Amino acid sequence: MSDRHLIELQVNGEPHELLVEARETLVDVLRHRVGATGTHVACEHGICGACTVLIDGEPARSCLVLGVMADGHEIRTVESLADESGLNDLQEAFTACHSLQCGFCTPGMLMLAEGGIPHLDTTSREEVRELVSANLCRCTGYETIVDAVEQVAQQRRSEDPTVTEGASA
């Protein structure tokens with residue numbers, strides 16, 4: 001039995017066909033095989049959230065997912081947020097609200113928020129606080145992160161008339 005597997009991933013909209021070892025984590029595949037180094041490696045136990053990416057639009061800890069498990073899936077990393085015109089609304093809000101200090105948790109926080117905002121029932125501060133509490137930040141005290149995510153959640157909700165307060169997006 002071979003412990004190397006051919007997998008196909010869509011990473012930030014680009015197809016990748018990769019030969020990976022069965023034991024390789026998705027975070028290692030993304031960083032070392034694809035070059036998506038914005039995804040950070042920290043605890044490697046799924047506790048901190050620094051490695052959070054979106055798998056088929058849902059936040060996931062890439063240190064807990066084996067590369068072979070991601071075969072055939074669409075992966076978004078922090079590199080997918082900005083485009084040639086600049087930073088996206090979430091990145092802009094993190095900057096405006098001073099939501100980053102050392103920046104180590106920032107990519108995971110951004111991806112958690114990007115994937116989590118559509119699932120918020122409301123844009124209340126309490127619900128946003130609950131969302132971002134899934135990731136660890138040792139520098140900001142979370143308040144400025146909550147400010148940024150709350151601002152973007154409210155802005156996106158106001159721009160989408162099909163979403164109503166109290167109903168899942």
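In this rough spin-label picture, where each label sits 7 Å from Cα along the Cβ direction, the E84-R138 distance is 4.0 nm. By its C-alpha gyration tensor, with a ≥ b ≥ c as the square roots of the eigenvalues, how is the range 1-76 shaped: rounded for a/c under 1.5, else prolate for a/b larger than b/c, else oblate? Oblate, since a/c reaches 1.5 and b/c is not below a/b.
Using alpha-carbon pairs under 8 Å, 6+ residues apart, how would you state the relative contact order of the range 47-113 in percent? Kindly include the intermediate steps, with their values, before the conclusion.
Details: 71 pairs, mean separation 29.5, N = 67.
RCO, the range 47-113: 44 percent.
If I stretch the segment between H119 and A22 completely, what's the gain in nm (0.36 nm per residue apart, minus their alpha carbon distance), one decimal? Numbers along the way, then the final one.
Details: separation 97, 0.36 × 97 = 34.92 nm, distance 3.23 nm.
Stretched fully, the H119-A22 segment lengthens by 31.7 nm.
With a cap of 16 neighbouring Cβ atoms within 10 Å, and only residues DSSP puts in a loop, list the GluC sites (Glu not before Pro) found in the range 82-149. It would help to have the intermediate numbers written out before the result.
On the way: sites: E84, E92, E114, E126, E127, E130, E143; in loops: E84.
Passing sites in the range 82-149 are E84.
If the label point is 7 Å along Cα→Cβ of A96, which residues in the range 125-162 have backbone nitrogen under 12 Å from it? Taking a point 7 Å out along Cα→Cβ of A96, the residues of the range 125-162 whose backbone N falls under 12 Å are 148-156.
Per-residue extension of 0.36 nm, minus the Cα-Cα distance of R129 and L64, leaves a gain of 21.0 nm for this segment.
Kindly express, to the nearest 10 degrees and within the range 0 to 90, the angle between helix 143-159's C-alpha long axis and the longest C-alpha principal axis of the chain. The helix 143-159 is inclined about 80 degrees to the chain.
The residues of the range 40-86 expose on average 48 square angstrom of accessible surface per residue, using a 1.4 Å probe on protein heavy atoms. For the range 30-169, the share of accessible area belonging to carbon and sulfur comes to 52 percent (1.4 Å probe, ligands and nucleic acids excluded).
Couplings 3J(HN,Hα) of the range 3-20, computed from phi: 9, 10, 9, 8, 10, 10, 10, 9, 10, 6, x, 10, x, 9, 10, 9, 9, 10 Hz, in residue order, whole Hz [Karplus 6.51 cos²θ - 1.76 cosθ + 1.60, θ = phi - 60°; x for Gly and Pro].
In this label model, I47 and E159 are separated by 3.7 nm, measuring between points 7 Å along each Cα→Cβ vector.
The values are calculated or read from the model by the stated rules, or taken from the named source; none is laboratory data. Predicted model, so just to flag it, every value in this text is computed and none were measured. Here Cβ is always computed from backbone atoms with ideal geometry, including for glycine, and neighbour counts include all displayed protein chains. Side chains included, ligands, DNA and RNA excluded: accessible areas come from the protein's heavy atoms. Shrake-Rupley method; radii C 1.70, N 1.55, O 1.52, S 1.80 Å.
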